[in-house]
Amino acid sequence: MVAFKLGALFVAAAGFVMANAAVYAADAPNLNDPKIAKYVAGDKWSGYVTSTPETRKMQDDDFENPSFVWVDQARALWDKVDGKAGKSCASCHGEVEKLKGASTTYPKFVDKHNDLITVEHQIGICRTKYMEADAWKWEGDQMLGMSALVRLQSRGMPVNVSIDGKNKPFYEKGREFYYQRRGHFDFSCAHCHVDNYGNMIRSELLSHGMPNGFPQYRLKWQKLGSMHRRFRGCNKNTRAEPYKQGSPEYTALELYTMWRASGLPVETPAVRK
Amino acid sequence: MAKARIKVPSSAKKGEIFEIKTLMSHNMETGRRKDKKTGELIPRKIINKFECVYNGKTVFSADFHPSISANPYLAFSCRATESGKLEFRWTEDGGAVTSETKEIQVS
């Protein structure tokens with residue numbers, strides 16, 4: 001079975017550098033290991049499982065996890081009045097802890113905004129429309145920290161997005177994106193994260209590519225980064241044209257990948273290599 | 001320099017060995033990266049020294065070099081001798097110093 005899957009990948013990459021690159025089998029992770037039990041839901045598991053013990057340790061301890069530098073800053077911003085309306089996040093929402101569970105259902109279609117939106121979009125709407133304050137950049141420290149703070153309130157709760165009703169067409173679009181071959185190497189997301197999780201690609205041990213830990217601190221980035229930044233990275237690695245953070249394409253993709261992660265706990269802010 | 005995160009127990013027994021954890025947010029610019037737009041080297045700016053001073057006495061210090069990761073994290077231990085102050089100092093290239101203090105009660 002594995003041989004068949006690998007064969008398919010080699011055909012996909014034939015003629016390109018990656019033909020020799022090497023997708024090869026690694027020792028399967030032991031899903032019964034109690035240390036990772038929290039990060040396994042049925043046949044799904046998060047990238048925590050394929051992380052090294054050192055990286056896991058950074059995530060396990062909120063002190064050692066550098067993401068909390070951004071989260072702490074966001075906590076201070078939560079109470080800070082900003083913008084022409086003279087409001088802070090707290091003026092309307094009260095304690096941030098009240099947002100417990102909120103992020104588990106995003107992205108979702110919100111009638112009032114007549115679109116599928118992510119947590120970051122909603123924060124952007126609150127900033128610009130309700131506070132009349134400057135927009136935060138998607139990949140800027142304030143937005144990353146605030147998104148992490150909001151999602152942290154749901155840490156441990158299962159991802160629970162809906163793919164019915166008005167979300168449905170976006171789910172379909174995201175699914176199509178996921179299975180669409182693209183770029184110079186002609187890979188789809190599924191070639192790596194559905195057909196080859198548990199295998200190595202070059203020096204990387206592939207996971208299911210689950211989105212439940214974003215924004216996450218990546219050692220490679222040396223900072224907190226958004227889910228859409230990771231999507232861009234995965235697109236670029238196969239020499240496909242990346243989309244913009246917050247674009248309709250990546251928002252639909254976020255819905256599809258979040259649906260794949262249904263039942264896995266929110267892990268924000270995760271730490272990965 | 002940005003904010004430091006420090007974890008020290010508020011009290012300890014005399015003679016006890018306790019753990020100290022520190023994490024300083026700093027991008028530790030190595031001096032080897034280029035500005036993508038201009039192609040110019042970005043000047044090196046790292047924390048080059050860390051010190052922990054317990055009631056006036058240096059109990060731990062470390063010299064940092066350019067391959068230390070951003071947001072350097074340190075954990076080390078210390079023996080509780082007397083109540084007082086622990087001072088933490090991070091020195092950056094160019095000489096800027098950030099310092100923080102924590103109190104500890106020793107009984």
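What is the Cα centroid distance between the range B:68-107 and the range B:18-67, reported in whole angstrom?
14
Once the Cα gyration tensor of the range A:155-273 is diagonalised, what are the square roots of 5 times its eigenvalues, in whole Å and ordered largest first, as equivalent ellipsoid semi-axes?
20, 19, 14
Among the listed pairs A:K236/A:K273; A:K223/B:K102; A:K98/A:K273; A:K244/B:K3, give every one whose C-alpha distance is greater than 20 Å.
Beyond 20 Å between Cα atoms: A:K223/B:K102; A:K98/A:K273; A:K244/B:K3.
With N set to the number of residues, divide the alpha-carbon radius of gyration of chain B by 2.2 N^0.38 Å and report two decimals.
1.26
Between A and B, buried accessible area summed over both sides at probe 1.4 Å, in Å² to the nearest 100?
Between A and B, the summed buried area is about 1100 Å².
Taking the inverse of the average 1/r across all pairs of different Cα atoms in chain A, what Kirkwood radius in Å do you get?
Mean inverse Cα-Cα distance, inverted, gives 19.4 Å.
Identify, among A:A41, A:N114, A:V150, the residue whose Cα sits farthest towards the positive end of the charge dipole of chain A, taking +1 on the Cβ of Lys and Arg and -1 on the Cβ of Asp and Glu, with the dipole about the Cα centre.
Checked the options; the winner is A:N114.
Taking the Cα centre of chain A as the origin, how large is its charge dipole in debye, to the nearest 20, when only Lys and Arg (+1) and Asp and Glu (-1) carry charge on their Cβ atoms?
The dipole of chain A has a size of about 360 debye.
Scan the range B:1-76 for trypsin sites (Lys or Arg not before Pro) in coil per DSSP, keeping those whose Cβ has at most 15 other Cβ atoms within 10 Å, and list them by number.
Taking the range B:1-76 and a limit of 15 other Cβ atoms within 10 Å, the loop trypsin sites (Lys or Arg not before Pro) found are B:K3, B:K13, B:K14, B:R32, B:R33, B:K36, B:K37, B:R44.
Cα to Cα, under 14 Å, and not fewer than 8 places away if on the same chain: which aspartates and glutamates meet these conditions relative to B:K57?
B:E82, B:E87
Using label points projected 7 Å from each Cα along Cα→Cβ, tell me how many nm separate A:E54 and B:I17, to one decimal.
The answer from the label model is 2.3 nm.
Less than 17 Å apart at the alpha-carbon level, and either on another chain or at least 8 residues along: which aspartates and glutamates does that give for A:K80?
Cα-Cα hits under 17 Å: A:D72, A:E95, A:E97, A:E132, A:D134, A:D141.
Straight-line reach from A:K35: which aspartates and glutamates fall under 16 Å, measuring Cα to Cα and dropping same-chain residues less than 8 apart?
The reachable aspartates and glutamates, counting only those whose Cα sits under 16 Å from A:K35, are A:E54, A:D60, A:D61, A:E267.
Determine the calculated [θ] at 222 nm for the protein assembly as shown from helices alone, applying -39500 (n - 2.57) to every DSSP H run no shorter than 4 residues and normalising by the residue count; nearest 500 deg cm²/dmol.
Calculated at 222 nm, the ellipticity per residue is -7500 deg cm²/dmol.
The values are calculated or read from the model by the stated rules, or taken from the named source; none is laboratory data. Model, not experiment: these values are computed from the prediction. Methodologically, a virtual Cβ is constructed for each residue, glycine included, from the backbone with ideal geometry; neighbour enumeration extends over all protein chains shown. To get the accessible areas, we keep the full protein, side chains included, count just its heavy atoms, and leave off ligands, DNA and RNA. Shrake-Rupley method; radii C 1.70, N 1.55, O 1.52, S 1.80 Å.
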